[in-house]
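Reviewing the structure listed below.
The values are calculated or read from the model by the stated rules, or taken from the named source; none is laboratory data. The model shown is predicted, which means the values in this text are computed figures rather than measured ones. Neighbour counts are summed over all protein chains in view; Cβ atoms, including those assigned to glycine, are modelled from backbone coordinates with ideal geometry.
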Amino acid sequence: MYLRISHRTTYRYQEPVKYTAQALRLTPRRDGEQHTLTWSIQAPGRRTEQVDAHGNITHLLTLEEPHRDICITVSGVVEIAGVRDILREDAVLSPLIYLPPTTLTAASAAILDLARTHLDGPGPLRERLYALSKGVCANVRYRPGTTTVEDSATAALERGEGVCQDQAHVLIACCRSMGIPARYVSGYLCADQPGEAASHAWAEVWLSDVRGWHGIDVTHMAPAGAGHCRLAVGRDYLDAAPIRGIRRGGGAEVMDVSVSAMRFNGQ
């Protein structure tokens, strides 16, 4: 399966910005079943490339001249071979790195209750994980615009609504509270029809019996498959954010995002 992706992010500022530094995790990861055939990044300023501790391809973008807007565009074609049930990586980091809680995935009493309700007991772990996904979606209803990137799993669960990021954080927090490594994934959910594509977030859970990661699209209560393009993984959103950085000056900010991602059978 081939995925044709285009993603544009534009920032506009009320006042001139004196200096900007952004970490861009906007290049698809390299793994055994995901191959980037073509990929380009268009952005002002200087860029340096590196691979971070989680294996994410990261570009550091810096602008040292005054500016009132930034437009970052990425595009290309990615091939994903088949449905990815288990992902095995030659990763430097142990799965245990994704076991301790972070600020965004700390377990409250309510998260512990949710985890025990669905993960305690007999039966295959995968079945219990999808029961947990259903429970997360029932307790954190999908509603765009209700949370910010700084909101934790605990805050999302207390509010009872959120977006894919929040639902992934809650599932990750539940898994970690029960001693199961889990990590956050940012990427694209590609569609068969125009208008159905989006930037997306989901979770990967370590299955010790097969020694691999199983991707779970919590929002859709389904496995991550050939329509899911992985950009970055991390302990939570902060490790895997597509764009994250600092600026000096600028005042109020307006951000505009446009994503086009389509599946097709040939180049």
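Could you tell me which of the residues 73, 48, 38 is modelled with pLDDT of 95 or more, assigned to a strand (DSSP E or B), touching a Leu at 6+ places or on another chain (Cβ under 8 Å) and among the β-branched types (Val, Ile, Thr)?
Working: 73 fails: touching a Leu at 6+ places or on another chain (Cβ under 8 Å); 38 fails: touching a Leu at 6+ places or on another chain (Cβ under 8 Å).
Residue meeting the stated conditions: 48.
Given (1) at negative phi; (2) surrounded by fewer than 21 Cβ atoms within 10 Å (Cβ to Cβ), where does residue 249 come up short, assuming only one miss?
(1)
Among the residues of region 237-267, how many are assigned to a strand (DSSP E or B), of a type in the set (A, V, I, L, M) and more than 27 Å from residue 54 (Cβ to Cβ)?
2
Within region 130-142, identify whether any single residue is touching a Lys or Arg at 6+ places or on another chain (Cβ under 7 Å) and either surrounded by fewer than 19 Cβ atoms within 10 Å (Cβ to Cβ) or in a loop (DSSP other than H, G, I, E, B) (or both), and answer yes or no.
Going through region 130-142, the residues touching a Lys or Arg at 6+ places or on another chain (Cβ under 7 Å) turn out to be none.
No, the conditions are met nowhere in region 130-142.
Quick one: how many residues across region 97-129 are surrounded by fewer than 15 Cβ atoms within 10 Å (Cβ to Cβ), in a loop (DSSP other than H, G, I, E, B) and not charged (D, E, K, R)?
So the count comes out to 6.
On the basis of being at pLDDT below 95 and crowded, with 16+ Cβ neighbours inside 10 Å, does residue 189 make the cut?
On the way: at pLDDT below 95: yes; crowded, with 16+ Cβ neighbours inside 10 Å: yes.
Considered against the rule, which asks whether it is at pLDDT below 95 and crowded, with 16+ Cβ neighbours inside 10 Å, residue 189 comes out as yes.
Would you check if there is a residue in region 109-127 being under 16 Å from residue 233 (Cβ atoms) and either within 20 Å of the chain's Cα centre (by Cα) or modelled with pLDDT under 95 (or both)?
Here is the first cut: in region 109-127, the ones under 16 Å from residue 233 (Cβ atoms) are none.
Within region 109-127, none of the residues are under 16 Å from residue 233 (Cβ atoms) and either within 20 Å of the chain's Cα centre (by Cα) or modelled with pLDDT under 95 (or both).
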